Each structure stands twice: as structure tokens, then as C-alpha cells.
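The values are calculated or read from the model by the stated rules, or taken from the named source; none is laboratory data. In this text the structure is predicted, and so the values were computed from the model without any measurement. Please note: Cβ atoms are built from the backbone with ideal geometry, for glycine as well, and neighbour counts cover all protein chains shown. When the accessible area is computed, the model is the full protein with side chains, heavy atoms only, and any ligands, DNA or RNA have been set aside. Shrake-Rupley method; radii C 1.70, N 1.55, O 1.52, S 1.80 Å.
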Amino acid sequence: VMVIPRIIRSDVAAQWARSGRWTPEALANALGRLTVKRSEQPYFMYFAVGRQELLPDHTTDDMEVVSMSASDFFEQMCKPDESPPYMYFTSPMTSLAPQLVQHAPEWESLTAGTSPSAGPGICRPWLQLWAGSTGARTQAHYDVADNTFVQCFGEKEFLLWPPEAAAALHVFPDSHPRSRKAQLRVESPDLRLHPLAAALAQPLRILLAPGDSLFIPAFWFHHVRTITPSVSLNVFAESPLKVLLAHPLRLPLPLHAGWPTRVKRWGLALLILALFDQPQLRLPAADSFIREMIASRFSPLVAAPAQPDATPSLQSAPRVRSRRSVPAPPPPLAELRTELMAHAQECGARFGSLACAIEALEPGSQENADQHFRGVGTITIAHLVELWTLHLFGAEQLQLELSMLASMCEDPSLIDP
């Protein structure tokens with residue numbers, strides 16, 4: 001079974017935990033200076049910096065990045081009680097201490113049967129170290145890589161949801177610095193700010209002790225809580241689903257940001273309707289899909305209380321302009337319509353390949369395969385819709401144009417070039 005999380009009984013993982021090489025004491029002696037995260041709040045979340053056309057980030061998490069010796073970090077990390085400051089560290093082993101990889105023998109065997117063979121654009125598996133103090137949490141999120149997680153010291157609890165929980169978790173927009181993460185605080189949900197969380201199913205809860213290992217398929221959400229001071233290793237491996245989905249994301253959009261607004265709106269609405277008409281996608285109506293996207297991903301960002309030092313609001317955020325060449329005029333509308341239909345069909349064909357790949361990964365349960373396809377497909381289609389709208393109209397107009405797009409998909413008579 002490859003599309004649902006599962007505990008792996010692995011002699012390899014058990015050997016790492018027994019070796020004594022992955023304890024706070026051993027790592028304090030083996031490592032030099034570390035760049036660590038420290039916070040008065042227990043929640044830690046990766047966020048992107050330096051990307052163009054990002055939505056503003058009003059989230060405040062009181063986290064600071066500090067440099068300290070490994071001995072100081074592990075001493076502070078191992079305090080017995082759950083109290084601030086909370087400490088958190090992670091790094092790929094190849095950049096942190098490649099000489100220590102020998103103490104995780106056979107680590108690549110943990111990816112057996114999950115990762116596609118080498119080829120253009122295929123990332124090799126990599127080994128990563130994680131360490132955190134009691135109570136530190138990694139906010140619910142999904143990865144696009146398969147994840148085999150090995151607990152070496154201490155205990156961790158995982159809360160897991162399938163990909164179809166994205167709307168209820170109120171995932172940040174893909175154009176936000178915290179994309180792929182949940183806006184919802186799953187341990188203390190605020191249903192006024194995140195109303196779709198009322199439909200969130202109970203998570204699958206898994207407690208890991210030293211020597212345990214857990215496989216988390218790509219696109220599964222996981223919220224991680226450190227029960228006691230913890231050291232873990234994991235292996236990230238390329239997901240065959242991510243490789244398949246990369247193709248529609250890279251297809252050149254047959255619309256140009258420099259064209260007249262009316263043409264862009266007409267073309268985008270036509271493309272979305274044609275995409276949602278592809279039977280292999282098994283999607284709801286385009287207008288209801290986009291409105292749920294807005295309610296889940298965008299509305300809470302506008303409704304959240306403004307911080308005193310916050311950057312401008314979502315609607316008034318400064319638009320970052322990328323350098324674009326002057327476009328050729330739009331082709332005749334009949335010709336453009338043909339290009340848009342072909343684009344939608346090509347995307348649909350790739351999703352048909354995705355369904356076949358998921359069924360191959362989960363041959364014993366059509367129900368599990370169908371559920372996984374719906375969840376991964378929904379996440380990817382939402383990414384496509386947002387990506388195309390962002391490309392054509394920019395971050396400043398993104399939510400407004402999505403709302404207009406939903407209206408045009410609901411009433412095609414509004415689609416007028």
C-alpha cells in the first residue's frame with residue numbers, strides 16, 4: 001500500500017536508534033555550530049523568501065533564527081518541561097555533516113519501491129536530520145516528496161489527514177510564502193476565521209518511539225508534535241505522482257499577461273471550463289470549486305486581524321512586476337479557442353495518467369485509490385487555477401480575478417472577449 005501512511009517495521013531504523021550515534025549527547029559532540037530556530041510559541045513553519053509575485057505575509061510567529069554551538073542547542077533542547085523558548089533544528093545531512101551519514105547505514109533502502117528511477121528532473125533521495133524540544137510542533141502541511149520518517153531518540157506524535165482535507169485545513173495559497181501549510185491551528189481551531197474546518201475529519205494519530213519508522217506519501221498532511229526531546233532522521237524521495245503532475249504545470253499557457261484584460265478573462269474562463277469538462281478529472285462545477293478555493297485559502301487572510309507593523313493588506317499589496325517581453329497581439333479568437341481546448345485536453349490526459357499511477361500504487365483498494373486521486377487532483381487543479389490567474393493578473397489582483405472567474409464560470413453569458 002503506497003497511498004496511505006503506514007508504520008514500517010524496519011531493522012535498518014531499529015539499528016540507527018540502538019547505535020547511540022543519534023542521541024543529543026552524541027550529536028552535541030559530533031557537530032559544530034548550528035543555525036537553529038527559537039520561539040516563544042511552539043509552532044514552527046517553513047516559509048519562502050525572495051520569490052517574486054508573492055502575496056504579503058501577515059503571519060506572526062515570534063520565531064527567531066540564531067546561531068549557536070551544537071552543545072548549547074542540545075542542552076537547551078533537552079530541558080525536561082514543555083516551556084518556552086521552544087527549540088527546533090533541521091538540515092540535510094549532506095550539507096550538515098556528511099561524515100555522519102555512515103552512521104545511518106542502508107538509508108537509501110528505505111525508499112525501495114517508492115521513488116522513480118533516475119532521469120531528467122528526478123531528484124535523488126536525501127537524508128535529513130530533525131531535532132526539537134518538548135512541545136515543539138511542525139504546523140500541518142504536505143510535501144510533494146514521499147517521506148520515510150525514523151525516530152532515533154525521544155517520542156513524536158503525528159496527526160495525519162489525506163489530501164482531500166486541504167479545504168478544511170485552509171491551506172495557504174500557492175502564491176503565499178507559506179504555501180502547502182495549513183492556516184488552521186489544528187489543536188485549537190478558530191471556526192469563525194476558518195469555518196470550513198467544521199468538516200475536518202479526525203486525524204490518523206501515530207506515536208513514534210525510538211526505532212519506529214513511518215511512511216508518509218506525498219500530498220498527505222501531517223502535523224507533528226514533539227512529546228519528549230527528540231532526534232529523528234527521514235528520507236525524502238521523489239514521488240512518482242509529483243513527476244507526473246509536473247507536466248501540466250510546465251505547459252506554456254496560451255495566454256499572455258500583456259494582452260487586453262477582456263481577452264485574458266475570456267481566455268482563462270474558457271480554459272477553466274474546458275478543463276473542468278474533462279471527464280477523467282471527476283471535478284465539481286468550476287464556479288463552486290473556485291469559490292471554495294477563495295473561502296478556504298484567501299478569505300481568512302483578509303479576515304485575520306491586522307498586525308501593527310504589517311505590510312499592506314491583501315487587496316492593496318504592492319505588485320511585483322517581472323520582466324516580460326512585449327507580446328504579440330492575440331491571435332484570432334477562433335484560433336485561440338482551439339489552442340485553449342487543446343491545452344485543457346493535454347492537462348486532462350496527464351490527470352488520466354495520474355489516476356492509472358495511483359491505481360498501480362494501490363492495487364488492493366479501488367476506494368483508497370479513488371479517494372487519493374480526488375485529493376491530489378483537487379490540490380493540483382487549485383494550484384493550476386491560481387498559477388494561471390497569478391501569471392495573467394499578478395498578485396495584487398489575484399483574489400478579485402478569481403472571484404470574477406467564478407462568476408464567469410457560473411454564467412457563461414458573461415464570457416465576452
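What the table shows:
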read-out	value
All positions within region 23-45 that are surrounded by fewer than 16 Cβ atoms within 10 Å (Cβ to Cβ) and closer than 10 Å to residue 70 by Cα	25, 29, 30, 32, 33, 35
Scan of region 65-80 for residues that are assigned to a helix (DSSP H, G or I) and open to solvent by 50 Å² or more (accessible area, probe 1.4 Å), ordered by number	71, 72, 75, 76
Yes/no for residue 210 being touching a residue at least 24 places away in the same chain (Cβ under 8 Å), under 29 Å from residue 361 (Cα atoms) and in a loop (DSSP other than H, G, I, E, B)	yes
Yes/no for residue 402 being crowded, with 21+ Cβ neighbours inside 10 Å, over 23 Å from residue 181 (Cα atoms), hydrophobic (A, V, I, L, M, F, W, C) and modelled with pLDDT of 85 or more	no
Within region 21-43, tally of residues that are within 15 Å of residue 230 (Cα to Cα) and either part of a loop (DSSP other than H, G, I, E, B) or not charged (D, E, K, R) (or both)	9
Top-ranked residue in region 237-262 [being over 25 Å from residue 281 (Cβ atoms) and open to solvent by less than 20 Å² (accessible area, probe 1.4 Å); ranked as farthest from the chain's Cα centre (by Cα)]	257
Contacts under 7 angstrom Cβ, first residue in region 8-33 being over 18 Å from residue 99 (Cβ atoms), partner part of a helix (DSSP H, G or I), 6 or more apart	10/110; 12/109; 12/110; 24/74; 24/77
Count - residues of region 134-164 that are open to solvent by 10 Å² or more (accessible area, probe 1.4 Å) and among the small types (Gly, Ala, Ser)	2
Test: residue in region 175-188 that is within 30 Å of residue 398 (Cα to Cα), of a type in the set (Ser, Thr, Tyr) and either open to solvent by less than 10 Å² (accessible area, probe 1.4 Å) or touching a Ser or Thr at 6+ places or on another chain (Cβ under 9 Å) (or both)	yes
In region 277-291, the residues that are at pLDDT 95 or above and within 23 Å of the chain's Cα centre (by Cα)	286, 288, 289, 290, 291
Subset of region 349-370 that is touching a Pro at 6+ places or on another chain (Cβ under 8 Å) and under 24 Å from residue 272 (Cβ atoms) - its residue that is surrounded by the most Cβ atoms within 10 Å (Cβ to Cβ)	351
Of residues in region 225-236 being open to solvent by 10 Å² or more (accessible area, probe 1.4 Å) and of a type in the set (A, V, I, L, M, F, W, C), the one nearest to residue 141 (Cα to Cα)	236
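Here's the yes/no breakdown for (1) modelled with pLDDT under 90; (2) open to solvent by 60 Å² or more (accessible area, probe 1.4 Å); (3) of a type in the set (Val, Ile, Thr); (4) in contact with a strand residue (DSSP E or B) (Cβ under 6 Å, 6 or more places away or on another chain):
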| residue | (1), (2), (3), (4) |
| --- | --- |
| 4 | yes, no, yes, no |
| 21 | no, yes, no, no |
| 52 | yes, yes, no, no |
| 58 | yes, no, no, no |
| 63 | yes, no, no, yes |
| 90 | no, no, yes, yes |
| 94 | no, yes, yes, no |
| 102 | no, yes, no, no |
